[in-house]
1. So is R102 free of Cβ contacts under 8 Å to residues at least 24 places away in the same chain and farther than 25 Å from P254 by Cα or not?
2. Exactly one of these conditions fails for T189: (1) open to solvent by 10 Å² or more (accessible area, probe 1.4 Å); (2) farther than 30 Å from L363 by Cβ; (3) of a type in the set (S, T, N, Q); (4) within 16 Å of the ligand (Cβ to nearest atom). Give me its number.
3. From the list K24, K66, exactly one residue is of a type in the set (K, R), within 14 Å of the ligand (Cβ to nearest atom), at pLDDT 95 or above and more than 30 Å from M109 (Cα to Cα). Which is it?
4. Return the residue satisfying two criteria in turn: it lies in segment 355-373 and is closer than 18 Å to C71 by Cα and among the aliphatic types (A, V, I, L, M), and of such residues it is surrounded by the most Cβ atoms within 10 Å (Cβ to Cβ).
5. In segment 5-21, which residues are open to solvent by 10 Å² or more (accessible area, probe 1.4 Å), closer than 24 Å to G49 by Cβ and away from the ligand (no atom under 12 Å from the Cβ)?
6. In segment 259-300, what residues are assigned to a loop (DSSP other than H, G, I, E, B), closer than 18 Å to H56 by Cβ and open to solvent by 40 Å² or more (accessible area, probe 1.4 Å)?
7. Looking at (1) at pLDDT 95 or above; (2) under 22 Å from I17 (Cβ atoms); (3) not in a helix (DSSP H, G or I), can you tell me which one V337 breaks?
8. Given the criterion under 17 Å from L333 (Cα atoms) and charged (D, E, K, R), identify the matching residue among K288, K282, K243, K216.
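The values are calculated or read from the model by the stated rules, or taken from the named source; none is laboratory data. Computed from a prediction, not measured in an experiment: that's the story for all the values here. FYI the Cβ positions are ideal-geometry reconstructions off the backbone, even for glycines, and counts take in every protein chain you see. Ligands, DNA and RNA are stripped out before the accessible areas are found, and what is left, the full protein with its side chains, is counted by its heavy atoms. Shrake-Rupley method; radii C 1.70, N 1.55, O 1.52, S 1.80 Å.
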Amino acid sequence: MNGSNVFDIAVVGGGIIGLSSAYKIVLAHPDIRIAVLEKEEEVAMHQTGRNSGVIHSGLYYQPGSKKAGTCAKGRRELLTFAKRHRIPCDICGKIVVATEERELATLEMILQNGVDNEIEGLEEIGPGQIKEIEPYCEGIAAIRVPSTGIIDFAAVARKLADLVEKKNKANRILTSHKVEGFDRHDFYTKVRTDQGALAAKYVINCAGLQCDRVAKMDNVAPEMKIVPFRGDYYELTDEATEKVRGLIYPVPDPSLPFLGVHFTRMITGGVECGPNAVFSFKREGYGKTAFDMGDTIDALSYLGLWRMFMKYWRSGLKEYARAFSKKLFLRQLQRLVPSLQDSDIRPCRAGVRAQALERNGNLIDDFRIERQTNSIHVLNAPSPAATAALAIGDHVNELATRYFKL
Ligand SMILES: Cc1cc2nc3c(=O)[nH]c(=O)nc-3n(C[C@H](O)[C@H](O)[C@H](O)COP(=O)(O)OP(=O)(O)OC[C@H]3O[C@@H](n4cnc5c(N)ncnc54)[C@H](O)[C@@H]3O)c2cc1C
């Protein structure tokens with residue numbers, strides 16, 4: 001091992017969480033040598049580059065939870081970061097729209113939650129005000145959330161990668177480096193990759209859809225498994241984009257961890273509709289029929305998955321039907337924008353969420369980060385983790401500073 005592949009810290013995963021963590025450590029400890037190891041040719045190729053691009057306000061998260069705290073803090077930091085580094089973003093606001101009487105109680109609960117989370121400017125509005133904001137949207141009541149915005153999270157990740165390398169000449173963002181295992185020695189860990197090995201005193205696992213597997217390489221047996229949920233998006237055709245001005249969300253089903261298909265004006269242009277949420281037979285598979293034998297056997301041999309299927313089979317089947325039927329997907333969208341026609345939408349892309357699942361079939365709602373003697377493992381960082389990334393990075397830095405004695 002020569003000097004160029006010896007580091008203090010190896011971060012596994014070049015998504016927004018790995019890069020935010022590296023960035024925050026570099027800011028706090030400029031002399032620390034960090035390598036970020038990313039298996040793809042570029043950073044942000046998975047969740048970070050395939051999400052809705054929404055800067056969440058923190059409306060839905062349980063007051064006092066890590067999600068609520070880091071979302072609020074991360075959001076503020078993200079806006080400052082974007083301004084400083086000239087990354088385009090737009091605080092365009094959103095509305096969460098109830099279309100049926102039975103949704104009103106949930107809408108009230110969400111509003112109260114938002115108030116408890118001290119989200120600024122929340123307002124309950126009626127059908128007339130909904131029309132003023134979104135002329136094509138029909139609803140009986142809504143919450144207006146002025147602090148929600150849009151950004152390109154992949155652009156944020158690329159800037160973070162840039163800064164990590166610039167802050168210390170010894171730091172490296174090593175793309176096309178897949179981590180395959182760790183050999184622990186007394187004073188360092190040999191990190192084996194498909195491009196050879198490097199040495200690091202400490203390891204930080206931010207491997208997203210693969211984080212439970214990377215944890216196992218470190219002999220950690222996490223009490224969870226990652227379950228991949230694919231989300232398909234449609235986009236509005238050029239002629240139909242006038243039907244949506246900003247962000248329109250439905251009232252989410254409180255028993256599910258996802259927000260429901262919504263309309264999102266993208267910072268890069270156009271309006272997307274989605275994502276749905278279907279169990280995926282491949283962790284990093286973006287086609288509707290994507291399949292990986294290893295991933296499938298791994299998932300189906302986990303008792304928690306069967307327990308989850310038993311709990312959510314009804315909504316799961318509906319989501320599957322919608323995934324394969326444009327007509328059903330459109331019907332879902334028409335609940336918010338009834339004038340939308342089949343010719344107004346076309347399929348565009350998909351993302352896969354890494355959702356941690358416990359053996360008892362519970363989907364873990366809050367962020368989960370575990371620490372070992374010489375390693376930190378980010379084991380659950382679903383939405384709004386992109387919004388919260390810089391605050392999650394602070395937390396990882398605090399753990400590293402304290403327990404790695406940096
Ligand atoms: C469809 C969808 C919509 C979403 N919408 C939003 C939203 O609007 N707002 C929001 O705040 N959040 C949103 N999220 C959530 C957000 O995108 C994620 O929480 C966030 O991107 C997680 O970042 P990450 O770095 O943990 O994961 P990732 O971006 O997936 O990064 C993990 C990286 O680890 C790498 N890796 C894995 N294994 C290895 C290995 N062995 N060796 C080397 N590298 C490895 C992967 O290649 C990957 O690049 C959404 C997510 C999805 C999927």
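1. For R102, the condition - free of Cβ contacts under 8 Å to residues at least 24 places away in the same chain and farther than 25 Å from P254 by Cα - is not met.
2. Unmet condition: (1).
3. After ruling out the rest, the residue left standing is K24.
4. Checked segment 355-373; the qualifying residue surrounded by the most Cβ atoms within 10 Å (Cβ to Cβ) is I369.
5. Within segment 5-21, no residue meets the criteria.
6. Residue satisfying the conditions is I267 alone.
7. Here V337 clears every test but (2).
8. K243
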